[in-house]
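Participant: One structure coming up, written as structure tokens, with questions to follow.
The values are calculated or read from the model by the stated rules, or taken from the named source; none is laboratory data. Owing to the predicted nature of the structure, the values given are computational and were not obtained by experimental measurement. Ideal geometry is used to build each Cβ from the backbone, glycine not excepted, and the neighbour counts take in all protein chains shown.
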Amino acid sequence: MKEKFTGSSQYVASDDLLTTVNIAMTLQKPLLVKGEPGTGKTMLAKAVADALGMELITWNIKSTTKAQDGLYVYDVVQRLYDSQFGTSGVDNIAQYIKLGKLGEAFQREKQAVLLIDEIDKADLEFPNDLLWELDQMEFYIPELHQTVKAIERPVVIITSNAEKELPDAFLRRCIFHYIEFPDEDEMRKILDVHFDNLDEELVNQALAAFYYIRTLPALQKKPSTSELIDWLRALQYGGVSADQIKKKIPYAGVLLKKDKDLEILRRQLDRR
Amino acid sequence: MFIEFFYYLRSRGIKVSLNEWMTLLEAMEKGLHHSTLTGFYNLCRAVLIHDESDFDKFDQVFLEFFEGVEYPGEIPDEFMQRLNHPVVDVEEVKIDLAKLGFAPEEMEDILAFIQDRLNRQNEEHNGGNTWIGTHGYTPAGNSGWHPHGVRIGGQSKFRTARAVAGERKFRDFRKDNTLDTRGFQMAFRTLRSLSARTDTQEKELDVDATVRATGDKGGLLDVRYRPPRKNTIKVLLLMDSGGSIEDYANLCSMLFQAAVKSNSFKELHIYYFHNCIFDNVYSKPDIKLENKIPVDWLFRQYGPEYRVIFVGDAMMDPYELHGHDYNWGLREFSDYSGYDTFMRFLKAYPHCVWLNPEKKPAHPGYWFRTYQELEQIFPMYHLSQEGLEDAMHRLMQRQ
């Protein structure tokens, strides 16, 4: 049996998630993680890497990212430039081939964790362009007549915010997990990881207020874990006493970022 | 046969491919289901389902299959063989529990509990209903007393698969729920036809290819062009306004917003009608005479390449659909009946769909006669995210 992921001191994972991570690792398939913003999708990869003592290679996807960028880039312009000044080594194309993040992960002697972060940001065709590479863990560089093959298959973790739908062919090859928004007990554990000494009454009141806000209808953007953490910091620094929290919800601007949402909260509070 | 679960999933609309199924088998050979129903549930969901909106459907199907409610026969031997490696050995259970981090005194309770279950299992072996829907087959009770499955010390993380599936907490993610505008926008994005596929004469400079080609030629400029990648889809949106559709005003306005916001069409034109279209449509939702636009003008203005989307509940008096509209101002009947007008649309535009916020009733009454009739003319879809997606796919097909 290979090494198993059981969570880490910095990351609280639910049972389901642990199972899924281990399924993906045993089957050597990419793990696709979806979930509300702030549920710790990106952190998961770091936690897996830490727990298993592997290197984490992060490939941040932007709207302009192309699949090719992850494999390798051939810097023709540099080569042309060098040739005009007669710099040595122009004949050696390999000098102008730079491996992307995926290529980097393939070349590691030790197994690494490759995080493809926010894959849905890229063009709709992007995931399809990576099918073969992720399946076979190899790609071909025509300029060098060379195949780059993974020495140790990296653990691939892909996150998505579901901004775009991913193609079926791609999904079929992934192990899928949806991170639910943590309930109150899980949230306490998460807070314990982030804070050293929190007043228990403060946490109780703050969590009650937080989950109350999340149930408000018609919110455009519900507050997430990271906003809760910021808010607790603010409450600590502000020295707000616990009994005021639920009544007034001070510093609500930390939790809710949209004017409209704040307006909804204000109206609800007035009604009470 | 184990394979029956596969067909059952597929028959209930969960599109499981053979590849995924093979992956599942491979995973089971590697013991990733941990010989429990809960483990099997988690494994199936991770491998076979790729969208949280399908979780609820999967939960339901899983429940049905394993509760034997709609599944007529008993759970097949072969399947149970795979699932069932009963942990009768108490020592083994102890080791397992220790691995899970239980203190020895806690273990005593659990073991007593397990022993009790085991005894009862033996007594009630035939047709006992203590065990999960197996018609007397004990093994699914596996999850009842395997340490991974039983609810020990009230810790909710050891929920049984049935309990987990039974909670159906992914109900909100179902696609047949009507969702926010982003869901609609996503669906509208299906309507994409990049002009790279159609033939346009105009081309744009391909900078990357030019740099590459120039570099390859040792600095001799080599300019490359490519066809532009822009959406060429044009859409004509015709919305019912006023009357019975008011109940769905919110939903329709969300659709409207999504269509406008998605901003990916080359052209989007929106017109309104009330219940049925005769000779005119209206440029504003208030259906006032001064805003009327003749249908003939639409046909002239917008060619057959337009995708036409009707939105309405399709419920009206049958006379409204088949009779001619009488204009009290001009004291004359419309040239065409509603039915004829819809047929003219169908003839003019090869790509038409109808989105209906009203679900098709089980027992159609008087007001649904036109619903049925219009359904015969246009491909009709329910106005939900799933329905919209289907409709958009339909619009992309050559009909």
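Participant: From the list B:PHE299, B:PHE265, B:PHE278, exactly one residue is within 30 Å of B:ALA209 (Cβ to Cβ), in the same structural domain as B:GLU389 (by TED's automatic domain parsing) and of a type outside the set (S, T, N, Q). Which is it?
Facilitator: Values: B:PHE299 fails: within 30 Å of B:ALA209 (Cβ to Cβ); B:PHE278 fails: within 30 Å of B:ALA209 (Cβ to Cβ).
Result: B:PHE265 is the single residue among B:PHE299, B:PHE265, B:PHE278 that is within 30 Å of B:ALA209 (Cβ to Cβ), in the same structural domain as B:GLU389 (by TED's automatic domain parsing) and of a type outside the set (S, T, N, Q).
Participant: Tell me, which helices (runs of 4 or more DSSP H) wholly within the range A:170-240 include 2 or more residues that are more than 14 Å from chain B (Cβ to nearest Cβ) and under 16 Å from A:LEU44 (Cα atoms)? Walk me through it before giving the result.
Facilitator: Details: elements: A:184-194, A:200-215, A:225-238.
Here the list reads A:184-194, A:225-238.
Participant: Just one of A:GLY70, A:GLY35 is within 9 Å of chain B (Cβ to nearest Cβ) and either surrounded by fewer than 17 Cβ atoms within 10 Å (Cβ to Cβ) or in contact with a helix residue (DSSP H, G or I) (Cβ under 8 Å, 6 or more places away or on another chain) (or both); which is it? Give the steps one after another, and end with the answer.
Facilitator: Working: A:GLY70 fails: within 9 Å of chain B (Cβ to nearest Cβ).
Answer to the selection: A:GLY35.
Participant: Just need a number here: residues in the range A:226-248 that are of a type outside the set (A, V, I, L, M), modelled with pLDDT of 85 or more and within 17 Å of A:ASP183 (Cα to Cα).
Facilitator: Looking only at that region, the number is 1.
Participant: Can I ask one more? I'd like the full set of residues that are farther than 21 Å from B:GLU332 by Cα and in a strand (DSSP E or B), limited to the range B:273-316.
Facilitator: So in the range B:273-316, the residues farther than 21 Å from B:GLU332 by Cα come out as B:283-286, B:298-316.
Listed by number, the residues that qualify are B:ARG307, B:VAL308, B:ILE309, B:PHE310, B:VAL311.
Participant: Next question, about the same structure. Is it true that some residue in the range A:120-129 is more than 26 Å from A:THR39 (Cα to Cα), in contact with a Phe, Trp or Tyr (Cβ under 7 Å, 6 or more places away or on another chain) and not small (Gly, Ala, Ser)?
Facilitator: Taking the range A:120-129 first, the residues more than 26 Å from A:THR39 (Cα to Cα) are A:125, A:128-129.
Add one more test, that the residue is in contact with a Phe, Trp or Tyr (Cβ under 7 Å, 6 or more places away or on another chain), and what stays is A:128.
Checking the rest, the ones that are also not small (Gly, Ala, Ser) come to A:128.
Yes, the range A:120-129 contains a residue that is more than 26 Å from A:THR39 (Cα to Cα), in contact with a Phe, Trp or Tyr (Cβ under 7 Å, 6 or more places away or on another chain) and not small (Gly, Ala, Ser).
Participant: Take the residues in the range B:331-359 that are part of a strand (DSSP E or B) and more than 32 Å from the chain's Cα centre (by Cα), then tell me which one is surrounded by the fewest Cβ atoms within 10 Å (Cβ to Cβ).
Facilitator: Of the residues in the range B:331-359, the ones part of a strand (DSSP E or B) are B:332-337, B:352-356.
Still in the running and more than 32 Å from the chain's Cα centre (by Cα): B:332-337.
Values: B:GLU332: 11, B:PHE333: 14, B:SER334: 19, B:ASP335: 14, B:TYR336: 18, B:SER337: 19.
Per the stated criteria, the residue is B:GLU332.
Participant: Taking the condition of being farther than 30 Å from B:PHE273 by Cβ and assigned to a helix (DSSP H, G or I), how many residues in the range B:202-252 meet it?
Facilitator: Narrowing the range B:202-252 to residues farther than 30 Å from B:PHE273 by Cβ: B:202-230.
This time we only want the ones that are assigned to a helix (DSSP H, G or I), so: B:207-216.
Number satisfying all stated conditions: 10.
Participant: Next up: For A:LEU115, state whether it is within 22 Å of A:GLU152 (Cα to Cα) and of a type in the set (A, V, I, L, M).
Facilitator: On the way: within 22 Å of A:GLU152 (Cα to Cα): yes; of a type in the set (A, V, I, L, M): yes.
Answer is yes for this residue.
Participant: Still on this structure, I have one more. Can you tell me which residue is nearest to A:LEU131 (Cα to Cα) among those in the range A:75-117 that are surrounded by 15 or more Cβ atoms within 10 Å (Cβ to Cβ), among the aliphatic types (A, V, I, L, M) and free of Cβ contacts under 8 Å to residues at least 24 places away in the same chain?
Facilitator: Within the range A:75-117, the match that is nearest to A:LEU131 (Cα to Cα) is A:VAL76.
Participant: Still on this structure, I have one more. Considering only residues that are modelled with pLDDT of 85 or more, more than 20 Å from A:LEU166 (Cα to Cα) and within 8 Å of another protein chain (Cβ to nearest Cβ), which ones fall in the range B:24-71?
Facilitator: Selection gives B:GLU26, B:ALA27, B:LEU43.
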